[in-house]
Amino acid sequence: MPFARDLHARPIHEIGAEASTAESSCPVCAGREVRPRFRVGGVTSPVVVCTDCGVGRYDPPLAPDEVFEGYPSEYYGQLGMKFSPGVEALVRLAATRQSAFLSRGLSPRARVLDVGCGRGVIFGPLADRGLELHGVEIRIEAVEGADPRAEVSIAPRLAEAGYAAEFFDEVVIWHALEHVIDPRGTLAEVHRILRSGGRLVVAVPNFASAQARWSGAAWFHLDAPRHLYHFPLEALERLLEDLGFEVESRHHFSLRQNPFGWVQSLLNRVRSLPRNGLYTLLYERPKGVPPAFDRGTRVGLLLLGLLAAPIALVASVVAAVLRSGATVHVVARKPAHSSRQAPPER
């Protein structure tokens, strides 16, 4: 398989079908009435949408080995470097800006956990602010090259990392909840290990956003087959509140995520171009590995991407003003001195 070329190139097609009864229950509302929405190349299960809360998911759910197949070693890059140098520098700059938001209101030496930390781009900036950093990942390859000041656990599920109750002052789940096999169970465990009054920051693609509705099967943030769940903002809040969190704020603008989502989704609608081809070009390639596409395709993708970028930025600002950001991050809190326990996993 050519390096990185097929990681994001799974064909996705819209499917129309009548409502039916799913084999699995929705992690938000426990409903089983769904409408089939997408068919992903190489995946037997279709993506269906809950008719009650609007959450998308594979039904039947993918087996754990099918999930892990979506994360070969090249997915994570090498020694913490995933993208080409220029793009990597921008990602690190965005992480520094993000760390100011994540550390706001935290006392020195506060404990912060990053669930699905990946290569840990926020570890360095947060550690520089004096915070005690922890992370959880499912594969050791993901955290190679991560800042050594963070203590990282490798576990298939958050509950298996073995953290004590009320251990953390803040938990961050930044574009990871849509990847986990059991999002309800993950958030229930977060509630247990977060101190009373502690803060949760969770970011996901917004399945109900203007970008998602306009893009359909071309939406960049579908990220098949890795995104196991697709959350509308309202459904995410419903799940958080059901588990005992109090939602404090919602944020609809992400300079790192939303403009590029418009650009790549637009390019995905051009049938002559490879799916997620521009994103593939941004990957850092090991020495000796040839380019993913011919010269004409590479030049075309880059030029079209540059032309679309200003429009995408404006569209992202407008969507944020209209409270319809392509990705959203929600700040929630575990009520102080609350005796309420998170509901059991379904």
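State which helices in the chain qualify, where a helix is a whole DSSP H run, it must extend 24 Å or more along its own axis by its Cα atoms, and its mean Kyte-Doolittle hydropathy must be at least -1.0.
Within the chain the helices that satisfy the rule are 85-102, 295-321.
Given the options Val202, Val328, Val43, state which has the largest fluctuation in a GNM of the chain using a 10 Å cut-off (strictly under) for Cα springs.
Maximum among the listed residues: Val43.
In the chain, if the dipole is taken from +1 on Lys/Arg beta carbons and -1 on Asp/Glu beta carbons about the Cα centre, which of Tyr163, Gly41, Val270 is farthest to the positive end?
My answer, from the dipole projection, is Val270.
Between Ser25 and Thr297, what length in nm is gained on full extension when 0.36 nm per residue of separation is reduced by their alpha carbon distance?
Result for the pair: 93.7 nm of gain on full extension.
Among Phe101, Ile140, Tyr75, which residue has its Cα furthest toward the positive end of the charge dipole of the range 71-176, with +1 on Lys/Arg Cβ and -1 on Asp/Glu Cβ?
Ranked along the dipole, the leading option is Phe101.
Any chance you could get the radius of gyration and Dmax over the Cα atoms of the range 210-346, in Å?
Calculated on Cα positions, Rg and Dmax stand at 18.8, 62 Å.
What is the antiparallel percent of DSSP beta bridges lying wholly in the range 1-148, to the nearest 5?
70 percent
Would you please report the Å³ per residue occupied by the convex hull of the alpha carbon atoms in the chain?
So the per-residue Cα hull volume is 130 Å³.
Starting from the coordinates of the alpha-carbon atoms of the range 156-208, obtain the Kirkwood hydrodynamic radius over all distinct pairs and give the value in Å to one decimal.
11.6 Å
Using only Cα atoms, locate the centre of the range 213-266 and the centre of the range 71-94, then give the distance between them in Å, rounded to an integer.
22 Å
Using the Kirkwood formula over every pair of different C-alpha atoms, what hydrodynamic radius in Å results for the range 183-252?
It is 13.5 Å.
Tell me which of Gly56, Cys26, Pro85 sits at the most positive position along the dipole axis of the range 1-159, charges placed on C-beta atoms (Lys, Arg +1; Asp, Glu -1).
Pro85
Whole Å is fine, so just give me how far the alpha carbon centre of the range 287-341 lies from that of the range 7-42.
That distance is 23 Å.
For the range 1-144, what's the relative contact order in percent, using C-alpha pairs closer than 8 Å and at least 6 residues apart?
RCO, the range 1-144: 16 percent.
So what's the gap between the Cα centers of the range 110-189 and the range 195-211, to the nearest angstrom?
Here the two parts' Cα centres lie 16 Å apart.
From Cα pairs below 8 angstrom and at least 6 apart in sequence, can you work out the relative contact order of the range 89-183, rounded to a whole percent?
It rounds to 30 percent for the range 89-183.
State, to one decimal in nm², a quarter of the convex hull surface area for the C-alpha atoms of the range 111-198, i.e. the direction-averaged projected area.
That works out to 5.3 nm².
Compute a Gaussian network model of the chain, connecting alpha carbons closer than 10 Å, and tell me which residue from Leu194, Leu267, Leu255 fluctuates the most.
Leu255
Over the chain, what is the mean sequence separation of C-alpha contacts under 8 Å (at least six apart), divided by residue count, expressed as relative contact order in percent?
20 percent
DSSP loop (so not H, G, I, E, B), at most 16 other Cβ within 10 Å: list which chymotrypsin sites (Phe, Trp or Tyr not before Pro) in the range 230-316 pass both filters.
none
Connecting C-alpha atoms closer than 10 Å in a GNM of the chain, tell me which of Gly162, Gly185, Gly277 has the biggest fluctuation.
Of Gly162, Gly185, Gly277, the most mobile in the Gaussian network model is Gly162.
Values quoted throughout were computed directly from the atomic coordinates according to the rules given, and no laboratory measurement underlies them. Everything numeric here is computed off the predicted structure, so don't read it as measured data. Backbone-built Cβ (ideal geometry, glycine too); neighbour counts: all protein chains shown.
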